[in-house]
Every structure is written in C-alpha cells, then in structure tokens.
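Heads up: the structure comes next, in structure tokens.
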Amino acid sequence: MSPSEQKYLLGLSLIPELGPVRIKLLLQHLHSPQEIWHLSEKHIRSLKLPKDVQDSLIINRKKIDLAREMAEIGAANIKIITIADDNYPPLLKEIYDPPTVLYIRGGMQPNSAKIAVVGTRLMTTYGHQVTETLTEGLIAAGLTVVSGLARGVDALSHRVSLRAGGQTIAVLGSGLNKIYPPENRSLAEEIATSGAVISEYHPDAEAGPGTFPARNRIISGLCLGVLVTEAGEDSGSLITANSALDQGRLVFSVPGPVNSKQSVGTNGLIKAGAKLVTDIQDLLEDLNMDQNISTREMAPVKPANLVEEKILKELSTTPTHVDDLARVTKIPVGSLGSTLTVMVLSGKVADLGGSFYARK
C-alpha cells in the first residue's frame, strides 16, 4: 500500500466509535481508504452505520491532520503497518477484529512462528522456574515469544527470550510513547533492538481498563497458540487464553500445586480442555515442530551425605511435595526439612513454594 493510502487508513483508525470491524466492512464495500475518507456527508448518511458513528466520521476527519500525524510518527522512530499492507501478520489478519493499524518500534517478522507466553503478575518461585525453563525451550526451538510486557510472567518471558538470543514481541495496552507499566520502559527499549514493541493505539494513548482485554486478542491473534505458565482465578492471562479459543488457536497450560492460589487459573484451563504441559516437548508436539532442539544437560549434583543422596534420588525437575518426599525416603520430617534448606542454599534443590521442591 502506498504511503498516501496508509495515511488514510491511519486516519480512519483514529476516528472514535468507528473501530476495526466497521473499517474492515467499509473496505470490503468501497474501493479504498482514500475514498472512505473523502465520502460526502450524504453518502456517509446512506451507509448502514449507527448515527453516532456517522457523526463521528463526519466531525473528526475534519480535525485530524493526516500529514502531521504521519510526520510525528516518523519522528518518534515508529513504523506503521496497516491491514492492507503485504507485511501485515497473516495470522492476525484472520481474526474477527484485526487492528486496522499496528504501530511498531523495532522489527517484526510477520511470517515467523510465534507462541504467546502469559501469566500472573504475582509469580511464585514455581511460576518463575517453569516460565524460565519453557521460554528457553521455545527460543531454542526457533519460535518467537509474544507477551504483554506486564509485570510477572510477561516481563520474565521477554527477558528470558532476550537472554537466550531469541526474538520476542511485546504487545502494549497503551501507546508506544506511554509504556505501561513504567518500570518496564527499559525492557521495552531492549526488546525493540532485536524484536518489536507493538500497539494498535496512538503513540500518545494512555492505558485504560478496556485497553488490556483488547490488547490480549492481538497477543493470541499473532500466535499459533498461547501458553499460560501460572495464573490465578482472576488473571488477565485467562482472557488471552479465551481469545485464543475464540480465534481457533491452541491453548497450553502448566499444572500447578492444588493449594496455590496462583495455579487456580492454569489448573482450571486444563480441566476445560487445554493441553497440559510439563515440558517443552508436550508443546512442540501439538505445534508439529521439529523436536530435536538443543537442551542443556543437567549438571551432576554431588550429595554431601546419605540423607542428601536419598533426597536427590527421588527428586527430578517435576515438583515434589515434601510430604511425598518424606513418605518415599522415610527420612524424619525434622531432618528432611533442615536438609532441604541446606540443599536450597547450596543450589542443589529449588524451593518452588507451597512445600514443593525440585532438582536444580
């Protein structure tokens, strides 16, 4: 699409009440964005649009300076992709309400295989470990990791992706000049150097209560599937999972301790039919991807005594509750607890919270 046509789609996206669904319908019935922008008032009144939408189009197009908007976007080091452009992400275009315009900092490969990694803002030690491990596996498999730059699981998945040398995409619920949450501004800048930070909102738009559910449909819409690593009952990541289901995408969920509030959501997704994931191969099988990914061998851990030897023999990378550990090792609870504490401090064992432990 020519820059001229781009600016008219940009203008249409800035009309309040018009929205991506109505813009998509208008584009199907009229020749071009430029034609829609310059419709006579009489023609607009003849369209099957609610009167308040007609009013908004008639009034607001007179207020929007398209040349200035395009200039300011370029000056802010922001690129735009419109739904009519060849490099618009193909999976995102398939959803019911694809964004008319995407504002982008960085570079996004539209045809790369993408997977969303989302979850709670209130991560436990367990959630941290599984998010880190699975994100590393996704990057090793060549996938692009998409998330929402939120506190907790989202930010961790971005950081792990960057650390592993992979590409990651952050989708915002605010404009690119109004990074939210503000403490992740430096993370957004780092993401833009090797991946992309994107939004459907004007660069100066502030985040609001309705912007995050709308943002979540883009996260899932970009991807082959959504992985929820840890989520409470009211986690916003469940909205992303539901969007994925509505869009016909795969939903993956990591089981968690039944007594953890931060696993109520993920366990509920599994009950509802999400694919249970305990390692990266569970996920890659459903994505029909090559499973010959490189994995780091677990470093040998030497027990300091017979008690540690018994514990290490029973522990794996899968969480084990201390009561089950006591039952199979027959180690007295007092001795078991103190030994586990020493092993955690020495880096041999991970304390996952909720009395669950795993080998490092």
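Quick one: how many residues across segment 50-89 are under 21 Å from Q28 (Cα atoms) and of a type in the set (K, R)?
2
Select from segment 138-167 the residues that are hydroxyl-bearing (S, T, Y) and outside any helix (DSSP H, G or I) and list them in ascending order. Even if it seems obvious, please write down each step before you answer.
Initial filter on segment 138-167 (hydroxyl-bearing (S, T, Y)): 144, 147, 157, 161.
If the condition is that a residue be hydroxyl-bearing (S, T, Y) and outside any helix (DSSP H, G or I), then T144, S147 are the ones that fit.
For segment 330-360, which positions are crowded, with 19+ Cβ neighbours inside 10 Å and part of a helix (DSSP H, G or I)?
L336, T339, L340, M343
Does I95 satisfy the condition of being within 24 Å of Q34 (Cβ to Cβ) and not assigned by TED's automatic domain parsing to the domain that holds E189?
Working: within 24 Å of Q34 (Cβ to Cβ): no; not assigned by TED's automatic domain parsing to the domain that holds E189: yes.
Judged against the criteria, I95 is not a match.
Hey, among I80, I59, I64, I15, which residue is more than 27 Å from V197 (Cβ to Cβ) and of a type in the set (V, I, T)? Explain how you work it out, then say what you get.
Working: I80 fails: more than 27 Å from V197 (Cβ to Cβ); I64 fails: more than 27 Å from V197 (Cβ to Cβ); I15 fails: more than 27 Å from V197 (Cβ to Cβ).
After applying the criteria, what remains is I59.
Inside segment 268-285, can you point out the residues that are closer than 15 Å to T131 by Cβ, outside any helix (DSSP H, G or I) and either touching a helix residue (DSSP H, G or I) at 6+ places or on another chain (Cβ under 6 Å) or outside the structural domain of A244 (by TED's automatic domain parsing) (or both)?
Within segment 268-285, V277 is the sole residue that qualifies.
Listed here are the residues, each with its yes/no results for (1) in contact with a helix residue (DSSP H, G or I) (Cβ under 7 Å, 6 or more places away or on another chain); (2) part of a helix (DSSP H, G or I); (3) not aromatic (F, W, Y).
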residue: Y201; (1), (2), (3): yes, no, no
residue: E206; (1), (2), (3): no, no, yes
residue: R217; (1), (2), (3): yes, yes, yes
residue: S235; (1), (2), (3): yes, no, yes
residue: F252; (1), (2), (3): yes, no, no
residue: G256; (1), (2), (3): yes, no, yes
residue: S263; (1), (2), (3): no, yes, yes
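Can you pull out the helices (runs of 4 or more DSSP H) entirely within segment 1-110 that have at least 2 residues that are within 33 Å of the chain's Cα centre (by Cα)?
On the way: elements: 3-13, 19-29, 33-37, 41-46, 51-60, 66-75, 90-93.
So the answer is 3-13, 19-29, 51-60, 66-75, 90-93.
Suppose we keep only residues that are buried (at least 22 other Cβ atoms within 10 Å of the Cβ) and of a type in the set (S, T, Y) within segment 83-116. Which one would you say is nearest to S199 (Cα to Cα)?
Result: Y103.
The values are calculated or read from the model by the stated rules, or taken from the named source; none is laboratory data. The model shown is predicted, which means the values in this text are computed figures rather than measured ones. We place every Cβ from the backbone using ideal geometry, glycine too, and count neighbours over all the protein chains shown.
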